[in-house]
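See structure below.
The values are calculated or read from the model by the stated rules, or taken from the named source; none is laboratory data. Only a predicted model underlies this, so the values are computations on that prediction, with no experimental measurement involved. Cβ coordinates were reconstructed from backbone atoms using ideal geometry, including for glycine residues, and neighbour counts include every protein chain displayed. These area figures cover heavy atoms from the full protein model, side chains too; ligands, DNA and RNA do not enter into them. Shrake-Rupley method; radii C 1.70, N 1.55, O 1.52, S 1.80 Å.
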Amino acid sequence: MTAEQYSKPYRERMFSLVADPELKAMEIRYEPYLDIHAIEDVLEGCDIIQASPEDVPTGKLIWKEGYDLPLELKRDIINLYTKHFIDQ
């Protein structure tokens, strides 16, 4: 992908990720797991931090220590991250 395809700033990408209906669907799908492990939301086990201004893509997905998330949940988070930070 070229630099033009990454023209959206980090803040705009994060807003679109948080407002994505897929995130709400993930919350519902994984609600039993989240409740059992006292996790408030599906993104609690990771951070999406802003990359350096010259970096492409504009955000980096970082997994937090101490969370043993199911592989399916990790896959869904990666797909959502990719949708908003890589594919746009």
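Descriptive notes on the structure:
- Scanning region 52-61 finds one or more residues that are β-branched (V, I, T) and modelled with pLDDT under 95.
- Only one of P21, P70 that is over 15 Å from I86 (Cβ atoms) and open to solvent by 60 Å² or more (accessible area, probe 1.4 Å): P21
- Single match in K64, K60 (criterion: open to solvent by 70 Å² or more (accessible area, probe 1.4 Å), of a type in the set (D, E, K, R) and within 19 Å of S16 (Cα to Cα)): K60
- Positions within region 38-57 being open to solvent by 90 Å² or more (accessible area, probe 1.4 Å) and within 13 Å of the chain's Cα centre (by Cα), in sequence order: Q50
- The single residue among I39, I28, I86 that is touching a residue at least 40 places away in the same chain (Cβ under 8 Å), among the β-branched types (V, I, T) and out of contact with any strand residue (DSSP E or B) (no Cβ under 6 Å at 6 or more places or on another chain) turns out to be I86.
- Of the candidates L69, L80, the single residue that is in a helix (DSSP H, G or I) and in contact (Cβ under 8 Å) with a residue 24 or more places away in the chain is L80.
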